[in-house]
């Protein structure tokens, strides 16, 4: 257990030095929050009630879909994979420690955003902060599992960037954080529900029954974990 925790801490320190992860997990989400927070609250003062949740969904999705996968490609498409094999370390350990490290970074980003929003924009804090961060952890796990599949499946960085963007952009646009999803045509609403962001946003807002929002996220997580297991198994057999 101590070796595992050391691995997570080591990966976290390595990620701090990663320029791409810092940009996607901190710089871009927080700059977007400062810029768009002012725009949203100026256009619609009621946006203050959902600003923290909407900006958090955007930041988590960016970190999970765009920031995490390149780290996994760097790990599994390089000589580092041979080092894992030579020392008898399970291949899954790299994916687990990288995902946990990214989760810590994104939780810190969400904490900064949550603390800054009431000061900068007079945004409303979640009524139950403990429940909010528990819901955030669940949403983070699901989003990172999708990013993990991308990182294990696509080996080419150029293709990975394109595919990550193709998932990130509709995920954000159809999630309801920019405008109510009810304004979309029914086919686009159904497409939006295929992404974790839509359910995560409802979960963070506390819209509808808790289990109705958590259930689809649990289903996505189960599918992604299964895909990760299959992809890691294929790597091991090569």
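The values are calculated or read from the model by the stated rules, or taken from the named source; none is laboratory data. Here the structure is a predicted model, which is why all the values come from computation and not from measurement. Reconstructed Cβ throughout: ideal geometry from the backbone, glycine too, with neighbour counts over all protein chains shown.
Suppose the filter is surrounded by 23 or more Cβ atoms within 10 Å (Cβ to Cβ), touching a residue at least 24 places away in the same chain (Cβ under 8 Å) and within 26 Å of residue 210 (Cβ to Cβ); does residue 177 pass it? In short, yes. Under the condition of being closer than 12 Å to residue 67 by Cβ and surrounded by fewer than 12 Cβ atoms within 10 Å (Cβ to Cβ), the residues counted in region 148-165 number 0.
Restricted to region 117-142, and to residues there that are in contact with a helix residue (DSSP H, G or I) (Cβ under 7 Å, 6 or more places away or on another chain) and outside any helix (DSSP H, G or I), the residue that is farthest from residue 214 (Cα to Cα) is 122. Might you check whether a residue that is modelled with pLDDT of 90 or more, closer than 26 Å to residue 91 by Cβ, surrounded by 20 or more Cβ atoms within 10 Å (Cβ to Cβ) and in contact with a helix residue (DSSP H, G or I) (Cβ under 6 Å, 6 or more places away or on another chain) occurs anywhere in region 199-214? Taking every residue of region 199-214 in turn, none turns out to be modelled with pLDDT of 90 or more, closer than 26 Å to residue 91 by Cβ, surrounded by 20 or more Cβ atoms within 10 Å (Cβ to Cβ) and in contact with a helix residue (DSSP H, G or I) (Cβ under 6 Å, 6 or more places away or on another chain). Does residue 88 count as under 14 Å from the mean Cα position of the chain (by Cα) and either farther than 19 Å from residue 202 by Cα or modelled with pLDDT of 90 or more (or both)? No: the conditions fail for residue 88. Look at region 217-231: where a residue is under 13 Å from residue 196 (Cβ atoms) and a partner is not in a helix (DSSP H, G or I), sitting 6+ places away or on another chain with Cβ atoms under 9 Å, you get 220/194; 220/195. Just one residue in the set 116, 123, 130, 138 is farther than 20 Å from residue 230 by Cβ and either in contact with a strand residue (DSSP E or B) (Cβ under 8 Å, 6 or more places away or on another chain) or surrounded by 22 or more Cβ atoms within 10 Å (Cβ to Cβ) (or both); that residue is 123.
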